[in-house]
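Structure record follows, encoded as structure tokens.
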Amino acid sequence: MNTPLTPQSLPRRSFLYRKLAALGARFAAGNEAAIAASFGGTDEAAAAHNLGLADLSPLRRVGFKGPGAADWLVAQGLTVPEVNRCAAQADGARLFRLGANDLMITTDLGATATLPDKLSAAWAALENPPQSPRGFPMPRQEGFCWFVLTGRHAAAAMAKVCGVDLRPHRFPVGAIAQTSVARLSAVAARDDINGTLAFQLFADSASAEYWWDCILDAMQEFGGRPVGTEALRAL
Amino acid sequence: MKIMNCPMNGPRNVSEFVWGGEVREMPDPAASDHEWAEYVFIENNTKGVVREWWMHAPTSYWFIAERNTETDEIVRTYPATELYNSRREFK
């Protein structure tokens, strides 16, 4: 009965599923995909406190862009912060404002927030989306890979691959830096998890495997390692 | 490391930016092919402070920079809305 879940047995896969499997991940199903829940080993939760990198690529996220996008999201009842800030929403979802009219909404770590799906449905139900509003949906689920870097050494590890000062006293909770991370155009947002320093990281999904390796390489010096979503939820 | 100040994202390594050519007045849509070719393909290559389009690649954000082509000093950067603040209609 207890056959381990494999990424290939589900309709969607993380951009990294081969690497995650090679690292010994145990997968859990979510959003029609296998999410790396744990990598085993001793005390993964402690690793997440120290320095851990998790792949959240299969979790739901949507984007809306173009004139009217921000106003439309305000009309949908969302809290829309200023540019380059992220804000928690009522159900735990996060809204990342990447430009005046470039916004991305993600589910929460436990994937319980349904706001991305609700917004997709609301957009699809618009009678005439091209004109009212004049924006368009962005395929962030497919375009971006999504990692979370957690732990007390997270800022120091990021400093090796990113020119922007992400140290906690210079980069407050909710701040977003859109910059080059390991030579890739990326979004790095500070979104601490229960008081543990954490950065949500997004970059071009086509380079996900390269990026994962670069960040893990930068983490080695501080004893960092991959962690699963269970360790994040235990923070 | 050379730093450029993006009006939206703040100071960033200049390697994150893409040059987009001189800021110039667009010719009348009915202008001659010669005028249009000049506008599209020919740069003035001025020595001194020029106004140029630049883009911050991670955000695809286009803005205007005033740069001294002699010293490569960036004098000022600002949003394009400072120059282009009303809709233009063409007949």
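One table, with the values for the structure above:
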{"read-out": "Subset tally (residues that are open to solvent by less than 50 Å² (accessible area, probe 1.4 Å) and more than 14 Å from every other protein chain (Cβ to nearest Cβ)) for the stretch B:53-68", "value": "6"}
{"read-out": "Those residues of the stretch B:26-35 which are farther than 30 Å from B:P58 by Cβ and part of a loop (DSSP other than H, G, I, E, B), in sequence order", "value": "B:P27, B:D28, B:P29, B:A30, B:A31, B:S32"}
{"read-out": "Failed condition for A:V181, given (1) open to solvent by less than 40 Å² (accessible area, probe 1.4 Å); (2) in contact (Cβ under 8 Å) with a residue 40 or more places away in the chain; (3) in the same structural domain as A:A34 (by TED's automatic domain parsing)", "value": "(2)"}
{"read-out": "Residue satisfying condition, being at pLDDT 95 or above, within 12 Å of another protein chain (Cβ to nearest Cβ) and assigned to a loop (DSSP other than H, G, I, E, B), within set A:V173, A:V83", "value": "A:V83"}
{"read-out": "Residue in the stretch A:139-152 that is in contact with a Lys or Arg (Cβ under 8 Å, 6 or more places away or on another chain), within 14 Å of chain B (Cβ to nearest Cβ) and of a type outside the set (D, E, K, R) present", "value": "yes"}
{"read-out": "Qualifying residues in the stretch B:12-25 (those that are surrounded by 10 or more Cβ atoms within 10 Å (Cβ to Cβ) and not in a strand (DSSP E or B)) - the one modelled with the lowest pLDDT", "value": "B:R24"}
{"read-out": "Some residue of the stretch B:40-48 being acidic (D, E) and within 14 Å of the chain's Cα centre (by Cα)", "value": "yes"}
{"read-out": "Any hit, the stretch A:67-76, residues being surrounded by fewer than 18 Cβ atoms within 10 Å (Cβ to Cβ) and β-branched (V, I, T)", "value": "yes"}
{"read-out": "Residues that are basic (K, R) and part of a strand (DSSP E or B), drawn from the stretch B:36-67", "value": "B:R51, B:R67"}
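Conditions tested, residue by residue: (1) assigned to a loop (DSSP other than H, G, I, E, B); (2) within 13 Å of chain B (Cβ to nearest Cβ); (3) at pLDDT 95 or above; (4) closer than 22 Å to A:R85 by Cα.
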position	(1), (2), (3), (4)
A:D165	yes, yes, yes, yes
A:P168	yes, no, yes, yes
A:A188	no, yes, yes, yes
A:C214	no, no, yes, no
A:D217	no, no, yes, no
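Matching residues to (1) open to solvent by 80 Å² or more (accessible area, probe 1.4 Å); (2) closer than 23 Å to A:D117 by Cα; (3) among the basic types (K, R); (4) not in a loop (DSSP other than H, G, I, E, B):
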position: A:P4; (1), (2), (3), (4): yes, no, no, no
position: A:F15; (1), (2), (3), (4): no, yes, no, no
position: A:A21; (1), (2), (3), (4): no, no, no, yes
position: A:A37; (1), (2), (3), (4): no, yes, no, yes
position: A:T42; (1), (2), (3), (4): yes, no, no, no
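Every residue, every condition in (1) surrounded by 14 or more Cβ atoms within 10 Å (Cβ to Cβ); (2) of a type in the set (A, V, I, L, M), yes or no:
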position	(1), (2)
B:M1	no, yes
B:P7	yes, no
B:H34	no, no
B:E38	yes, no
B:R51	yes, no
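Okay, residues lined up against (1) in contact with a Gly (Cβ under 8 Å, 6 or more places away or on another chain); (2) among the polar types (S, T, N, Q); (3) within 14 Å of another protein chain (Cβ to nearest Cβ); (4) open to solvent by 30 Å² or more (accessible area, probe 1.4 Å):
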| residue | (1), (2), (3), (4) |
| --- | --- |
| A:A177 | no, no, yes, no |
| A:L197 | yes, no, no, no |
| A:F202 | no, no, yes, no |
| A:A206 | no, no, no, yes |
| A:E221 | no, no, no, yes |
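The values are calculated or read from the model by the stated rules, or taken from the named source; none is laboratory data. Every value quoted in this text rests on a predicted model; they were computed, and no experiment measured them. Neighbour counts run over all protein chains shown; Cβ positions are idealised from the backbone, glycine included. Just the protein is used for accessible areas: all its heavy atoms, side chains included, with ligands, DNA and RNA removed. Shrake-Rupley method; radii C 1.70, N 1.55, O 1.52, S 1.80 Å.
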